[in-house]
Amino acid sequence: MSGAKTIVRPRDAASLVLVRRSAKGLEVLMGRRPRKSAFAPDVFVFPGGKVEPGDRLARPLRPLDPESARRTGASPRLAEALAAAALRETAEETGLILPPDHGALTLMARAITPTESPIRFHARFFLADWDEAHGAHSDSHELTDLTFRSLEDIAKLPLMDVTEAVLASLGELDAQGVRPFLFTYRGGRPRHRPLA
């Protein structure tokens, strides 16, 4: 028998990068993953998770803008399911409700976990403004220490490399707008390139 290792197929997932502007500048909503989590334990992340069957049935008020939909690298139907998953996961993990208006979301990045990982995701990161949210955010069993933080404060927290890349892209927002990118790994090393 061959000793070749089976490569796990990545599952489709989505995260929401919810931002607001304050006297400190740009702030981002992030929380800490549980210490006993099988994937990315004890690091700070954006709300998000894998696409569920119900997300494919979503009927948004407005669809994703065509450029964001295309840059997800998914079919039109899956692109809308990804946006729906980002909004649903945000509600479940933070208590914040956003209208099902996919047109208010902008794709920031795609990221695919390394082939050697036992748990793999093809994640899409969508940007949304705090003004789109309703309710008050609070901790959940999936995210604790949940609050809006400045980019300077976030830099001191334990983060995954892809999260650092998304945050670096946020730092360029005011000057250049959103510059979507693809984050992957080659030979165990992270690499990213612009998404056309």
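Structure values in brief
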| item | result |
| --- | --- |
| Members of segment 6-46 that are in contact with a His (Cβ under 8 Å, 6 or more places away or on another chain) and part of a loop (DSSP other than H, G, I, E, B) | PRO10, PRO34 |
| Residue pairs meeting the criteria (Cβ under 7 Å; at least 6 apart or on separate chains; first on the phi > 0 side of the Ramachandran plot, in segment 9-37; second part of a strand (DSSP E or B)) | GLY25/SER150 |
| Any hit, segment 30-38, residues being in contact with a helix residue (DSSP H, G or I) (Cβ under 8 Å, 6 or more places away or on another chain) and modelled with pLDDT of 95 or more | yes |
| Selection within segment 139-176 - among the small types (Gly, Ala, Ser) and part of a strand (DSSP E or B) | SER150 |
| Residue check for LEU159: closer than 22 Å to LEU64 by Cα, touching a residue at least 60 places away in the same chain (Cβ under 8 Å) and surrounded by 14 or more Cβ atoms within 10 Å (Cβ to Cβ) | no |
| Close pairs from segment 43-59: first within 16 Å of ALA165 (Cα to Cα), partner basic (Lys, Arg) and part of a loop (DSSP other than H, G, I, E, B), Cβ under 9 Å, at least 6 apart | VAL43/ARG33; PHE44/ARG33; VAL45/ARG33 |
| Residue within segment 124-137 that is surrounded by 14 or more Cβ atoms within 10 Å (Cβ to Cβ), in contact with a strand residue (DSSP E or B) (Cβ under 7 Å, 6 or more places away or on another chain), part of a loop (DSSP other than H, G, I, E, B) and touching a residue at least 12 places away in the same chain (Cβ under 8 Å) present | yes |
| Matching option when the condition is modelled with pLDDT under 95 and crowded, with 23+ Cβ neighbours inside 10 Å, among THR90, THR113, THR72, THR94 | THR113 |
| Close pairs from segment 98-115: first part of a loop (DSSP other than H, G, I, E, B), partner modelled with pLDDT under 95 and aliphatic (A, V, I, L, M), Cβ under 6 Å, at least 6 apart | LEU98/ALA133; THR115/ILE7 |
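The values are calculated or read from the model by the stated rules, or taken from the named source; none is laboratory data. Source: prediction; values computed, not measured. Glycine also receives a Cβ, built like all others from the backbone with ideal geometry; neighbour counts cover every protein chain displayed.
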